[in-house]
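First up is the structure itself, then whatever we jot down about it.
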Amino acid sequence: MRKTVLLLATLAIFTFQSRGQESISASIDGWTHGAGEVYTGVFTLTEVGSIDTSGNFEIALKPGYLAEVKKKMEAENSNPDKKFTSQLMTLGESCQCAQGNVELVNGDQELTTMAVLGFMLANMEKKEKFGMLVPANNRDFAEGFIKLGAYENQVGYAVDWYYVDKPGVAKGECSVDSYPVNGDEMYTRNTTYNLDLKPGWNLVKYEISEIFTDEGGKTYPVKESITSISEVPSGMQYVFIPE
């Protein structure tokens, strides 16, 4: 029996993208790794852009991106040798709430985003991985952000683009009582959703404003928010984390 993995292609990236633009472009200072490609994805990588020898990168923001992702996913799931199948999350599934109340409009629609914990930069022809690129307010946050499950969270934020086919709303507050990996002191993770999504690409900010530190020094979000924004925050950096 093959396992099904729910994928929410999520959180990250660079310059402000208004609804009329078709790409994101910027430059990485001090780039020395040569030309290559920009990839997004978890289990299966998808090429979404390129980077040149000077560190200038461009990422396409295509119309109809959700349909393209679904078509590719369906083709991959039809492979009988694949040990798991993938499935996109819906807006409602991405904003599940155990304790609290989240208002949803069109919460049953699927969504995808441009990045998953940052972008991978590589030259596949040379089989060379350069590292990860994360649009965040600083390096400390970016490094903790991409280490999923390492519990090295920091106060700060990252941004990403969500893609939906229909208008979608997720607003409200959610709380989850949790225990840390080290120790038995319970903490409460509070998430505020303020998403007002329009058809097509939407800029979204994920922010951690307070953390809990356990006895072993691992850190956990205590106050976090996922919010629609109209432009990239002025203090955002394009943080490159080498391989």
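About its Cα centre, the dipole of the chain is roughly 600 debye, where the only charges are +1 on Lys and Arg Cβ and -1 on Asp and Glu Cβ. Each part gets one Cα centre, and for the range 31-65 versus the range 104-171 those centres are 14 Å apart. Computed over protein heavy atoms with a 1.4 Å probe, the carbon and sulfur contribution to the accessible area of the chain reaches 47%.
Only the Cβ atoms of Lys and Arg (+1) and of Asp and Glu (-1) were treated as charged; on that basis the dipole of the range 105-243 about its Cα centre amounts to roughly 440 debye. Residues whose amide H falls under 5 Å from that of S23, counting only those 5 or more places apart or on a different chain, are L61, with hydrogens built in the peptide plane. Taking amide H as placed 1.01 Å from N in the peptide plane, V222 has its amide H under 5 Å from the amide H of E210, I211, F212, each at least 5 places away in sequence or on another chain.
Residue-wise HN-Hα couplings along the range 38-45, as the Karplus relation 6.51 cos²θ - 1.76 cosθ + 1.60 with θ = phi - 60° gives them from phi, are 10, 10, 10, x, 10, 7, 10, 7 Hz; Gly and Pro carry x. Note on the chain: with a GNM built from Cα contacts shorter than 10 Å, the maximum mean-square fluctuation among W201, W161, W31 falls on W31. Think of it this way: in the chain, C95 stand alone, with no other Cys Cβ under 4.7 Å. Per-residue Karplus couplings for the range 61-77, computed as 6.51 cos²θ - 1.76 cosθ + 1.60 with θ equal to phi - 60°, are listed in order as 10, 7, x, x, 4, 4, 4, 5, 4, 5, 5, 5, 5, 5, 5, 5, 5 Hz, Gly and Pro entered as x. Restricting the count to DSSP beta bridges whose residues both fall in the chain, what percent are antiparallel, rounded to a multiple of 5? Counting only bridges with both partners in the chain, antiparallel ones make up about 85 percent. In the context of the full set of protein chains, the chain has a per residue accessible area of 50 Å² (1.4 Å probe). Across the cross-link table entries K129/K198; K70/K129; K82/K218; K198/K218, which are compared at the Cα atoms, the separations over 30 Å belong to K129/K198; K82/K218; K198/K218. Across L203, L45, L133, mean-square fluctuation computed from a Gaussian network of the chain (C-alpha pairs under 10 Å connected) peaks at L45.
The values are calculated or read from the model by the stated rules, or taken from the named source; none is laboratory data. The structure displayed is predicted, hence computed values, not measured ones. Please note: Cβ atoms are built from the backbone with ideal geometry, for glycine as well, and neighbour counts cover all protein chains shown. We work out accessible area using only protein heavy atoms, side chains counted, and drop any ligands, DNA or RNA first. Shrake-Rupley method; radii C 1.70, N 1.55, O 1.52, S 1.80 Å.
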